[in-house]
1. With viscosity set to 1.567 mPa s and temperature to 4 °C, compute the Stokes-Einstein D of the range 86-223, Rh being the Kirkwood radius across alpha carbon pairs; µm²/s, no decimals.
2. HN-Hα J couplings of the range 189-197 from phi, Karplus 6.51/-1.76/1.60, θ = phi - 60°, integer Hz, Gly and Pro as x?
3. Rounded to a whole number, what is D in µm²/s for the range 60-121 from Stokes-Einstein with the Kirkwood radius over alpha-carbon pairs (25 °C, 0.890 mPa s)?
4. Whole-Å semi-axes of the range 151-210's equivalent ellipsoid, largest first, each the root of 5 times a Cα gyration tensor eigenvalue?
5. Could you list log10 I(q)/I(0) for the range 192-254 at q = 0.21, 0.23, 0.28 Å⁻¹, which the Debye formula gives when each Cα is one point scatterer?
6. Provide the solvent-accessible area of residue 217, counting protein heavy atoms only and rolling a 1.4 Å probe, rounded to the nearest 10 Å².
7. Could you please put 174, 26, 207, 190 in sequence from largest to smallest accessible area, using a 1.4 Å probe?
8. What FRET efficiency comes out for the pair residue 203/residue 133, r = Cβ-Cβ distance, R0 = 41 Å, nearest 0.05?
Amino acid sequence: MWFYPRIIAHRGGGTLAPENTLAAMRCGLAHGFHAVEFDVMLSGDGVPVLMHDPDFGRTVRGRGRVCDTPAAELAALDAGSWFGPQFAGEPVPTFEQVVAFCKANNIWMNVEIKPAPGVETHTGHVVAALTQRLFAAEIAAHVPGRNDSVLPLFSSFSFDALQAAKEAAPGIPRGFLLDTVPPDWQERLRALEAVALHTNHRHLTERLACAIKAQDVGLLCYTVNTPQRAHEILSWGVDAFCTDRIDLIGPDFA
Ligand code: G3P
Ligand code: MG
């Protein structure tokens, strides 16, 4: 089984900062988190950037699509003021910028590959190829079979994106994101050579958690926002979860 930090700051800073920005990463770190989850998709010119929604409107003011906008233009957009005036002008960061920040601050990364519809394979390939380059030294130093917290963990709801990531960066571990766990989950994980299953805690039962853990794969949940529920799923053997409530559930939560 792979090593996982137990508690992961969702989208960088959970509910305390504008998601998927460097300000969010700084906020998570200020709350003691050395493990973050964030979403990555491709800009119009094929640069991996941090963004959850394929369209502007919610976190970026105005109209438009990420896949139509070059990275340089995304960097000039305001991805912060929707959250609060103190974050006005916070840009959409590139994946490479965030990796540099996380490496400099010893932060483990769950990189959720979030392709725009129709470009799943391409997105998985580009994100993984860049990750392979950025982590070349860590991959070379990694001893196969040894759990290692230095390498990031890819995850995606897209099987095709993860398949492409497996081909482009076989040394970076993968977790398959499934909102509900289908009966053939083991087959799908095997095909991806995935080390973990990531699922919505709302649909998880103790029985299902035990069945998954009996197969010796990692079990991660999203997005757990109350200490009561966190205690419950951890008691079922869940290895890790991400949370928006980094103010309520700290990195040393037990
Ligand atoms: O990776 C877990 C979680 O982030 C998946 O859902 O929509 O918050 O990216 P979403
Ligand atoms: Mg996500």
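The values are calculated or read from the model by the stated rules, or taken from the named source; none is laboratory data. Bear in mind the structure is a predicted one, so any value in this text is a computation, not a measurement. So basically every Cβ, Gly included, is an ideal-geometry build from the backbone, and we count neighbours across all protein chains shown. Side chains included, ligands, DNA and RNA excluded: accessible areas come from the protein's heavy atoms. Shrake-Rupley method; radii C 1.70, N 1.55, O 1.52, S 1.80 Å.
1. Values: Rh = 16.0 Å.
My calculation gives 81 µm²/s for D.
2. 5, 5, 4, 8, 6, 7, 8, 8, 10
3. On the way: Rh = 13.5 Å.
Estimated diffusion coefficient is 182 µm²/s.
4. Ellipsoid half-lengths, sorted descending, are 21, 11, 10 Å.
5. -0.79, -0.92, -1.25
6. 20 Å²
7. Descending order: 207, 190, 26, 174.
8. That pair, residue 203 with residue 133, gives E of 0.65.
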